[in-house]
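The values are calculated or read from the model by the stated rules, or taken from the named source; none is laboratory data. Computed from a prediction, not measured in an experiment: that's the story for all the values here. As a convention, Cβ positions derive from the backbone with ideal geometry for all residues, glycine included, and neighbour counts pool all protein chains shown.
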Amino acid sequence: MNGAKSLVETLLAAGVDTCFANPGTSEMHFVAALDQSPGMKCVLGLQENIVTGMADGYFRLARKPACTLLHCGPGLANGMGNLHNARRARSGIVNIVGDQATYHRPYDAPLTADTAGMARTVSAWVRTSARTADLGRDAVDAVRAARTFPGQIATLILPADVSWQEGGVVGVPVDPPSPHAIDGVAIEGAARMLRDNRDVLILLAGHGVLADAQQLAWRVACATGATVMASYVNAHLARGRGRMQLERVPYGMNQAIEALDRFRHIILVNAEPPVGFFGYPGQPSIQHHPDARFHVLSRPDQDPVEALRGLVKALDAPAAAVPDPGPRPGPGSGAPTPEGLARTLAAVMPEHAIVSDESISYGRGFYPFTHAAPAHDWLHLAGGAIGDGMPVATGAALGAGRQRRVINLQADGSAMYSLQSLWTQAREQLPVTTVILNNSKYNILIGEYASVGAVPGDTAMSMLDLGNPFLGWVQLANGMGVEAARATTLEQCADLMTSSFGRNAPFLIELMV
């Protein structure tokens, strides 16, 4: 068999059965091998940043890596924004990146690039396959790297001749390494900190904000009086009824500093010490009190459930039910507001929905009004590179086996980075409801302008304006094959959302805010 077929067969043997692709000439033998090796679900994206974002969303729900198929260095470059986000989300992805044939590379053809150098900026593991006979082994190593807890990006660069030559050998899969063991000294230190102090914050992140870890953290909090919060950046949270009413460290520096000021002891559960997204004139970089002492209970590459279970045992913390959040709210009414939209979402979302949230500044206050919603999963932009909400929603729908409704809360400006996701949703007939928050401006940047102390004039404001010409999202969605409608009130939005949840197809709501 040729190298491409050995690669596909190895990926399938290792449990990688979904490929998000935007292929080119160098990858044609891989594409041909997909015809010869049934079992790989292939999903086409119309731009590489859609492809990489879908792979990120897929991993967050399926908890296993998909592969991407990207065309040479420029194709990888196109997908790097959402690979950056996926790296910050700690998602497992196997990138297959085509490259010039080994003998052709010295001629410096137009698409020749430092593909490996680019890949290292967003990957934990990078290798260029040099021989067809080794390609299966290389693929085994790539999948093992991607599956290493909690998830990593692995990039395998595939020269065209290594793909087409005969002599391929299917690799034998190997298990990934176990997560690094929890240090018993760390557990005892955290228990001592909780026994001796009352100004303690338990800061959760990563797998620490999923349901099992939340239940354990709540037991610790009830037994000790500690406060529990989530980091601002979290790729995937378990939320709604039956889960903790977690709030995040605020995005804004002043609000974050105020929220964290009272804590002199912070226990990190898969979290990092909280810092601002940016440096601002006259502001510190850290958000916590300068005298705060940190204690690492578990690192991001360790199992927080094991760590918290050990802490519960050390404290002899009894079982404790998560408080009931109260009745499910009714939908909002009248002109759209962030609070009203959050209440409407909580009122109408189906059980076990998935929310892909790239609402940016509009949605920072959604949490308090959605605690009483049915149990659901909430996915955030993890790396700050805007344009992941729509492809993550698309990948999440596939990662959940098309069995759960995905609701994409999407700012209009960032949606323009990846609106081709709608085409894939239509092609695959995915259960995704997109709510475009159309305020016709980059509202977050208006706020950031003030934060850095600048006074915007006409030129600056024109660069933050998306209303000239008007972006008509109903027409844009229709052009991608997705049915859509416009809403100007929360009643209309609630009706359209409810109607869309009964469809086995995507739907877009352009909400004028």
Q: Spot the failing condition for A320; the list is (1) within 24 Å of the chain's Cα centre (by Cα); (2) of a type outside the set (D, E); (3) surrounded by fewer than 22 Cβ atoms within 10 Å (Cβ to Cβ), and only one is missed.
A: (1)
Q | Selection within segment 351-362 - modelled with pLDDT of 95 or more and either in contact with a strand residue (DSSP E or B) (Cβ under 7 Å, 6 or more places away or on another chain) or surrounded by 15 or more Cβ atoms within 10 Å (Cβ to Cβ) (or both) | A | H352, A353, I354, V355, S356, D357, E358, S359
Q) For segment 2-26, what are the residues that are more than 15 Å from T68 (Cβ to Cβ) and either at pLDDT below 95 or touching a His at 6+ places or on another chain (Cβ under 8 Å) (or both)? A) N2, G3, A4, T25
(Q) Given the criterion touching a residue at least 12 places away in the same chain (Cβ under 8 Å) and either out of contact with any helix residue (DSSP H, G or I) (no Cβ under 8 Å at 6 or more places or on another chain) or closer than 30 Å to S500 by Cα (or both), identify the matching residue among A346, A321. (A) A346
Q. Assuming G365 fulfils every condition listed in (1) buried (at least 20 other Cβ atoms within 10 Å of the Cβ); (2) under 21 Å from A205 (Cα atoms); (3) outside the structural domain of A191 (by TED's automatic domain parsing) apart from one, which condition is it?
A. (1)
**Q.** Which listed residue, of A477, A484, is in a strand (DSSP E or B) and either at pLDDT below 95 or over 17 Å from L341 (Cα atoms) (or both)
**A.** A484
Q: Return only the number of the condition from (1) more than 27 Å from V305 (Cα to Cα); (2) in contact with a helix residue (DSSP H, G or I) (Cβ under 8 Å, 6 or more places away or on another chain) that P150 does not satisfy.
A: (1)
**Q.** First in segment 204-222 and modelled with pLDDT under 95, second anywhere and not in a helix (DSSP H, G or I), Cβ under 7 Å, 6 or more apart
**A.** none
Q. How about segment 1-33: which of its residues are more than 18 Å from A133 (Cα to Cα) and either basic (K, R) or surrounded by fewer than 20 Cβ atoms within 10 Å (Cβ to Cβ) (or both)?
A. G15, D17, G24, T25, M28, V31, A32
Q. Out of segment 66-94, which residues are within 18 Å of D161 (Cα to Cα) and in contact with a Ser or Thr (Cβ under 9 Å, 6 or more places away or on another chain)?
A. L70, H71, C72, G73
Q.
Residue pairs, Cβ under 9 Å, 6 or more apart or interchain, first in segment 41-55 and under 14 Å from A426 (Cβ atoms), second among the basic types (K, R). List them.
A. V43/R427; L44/R427
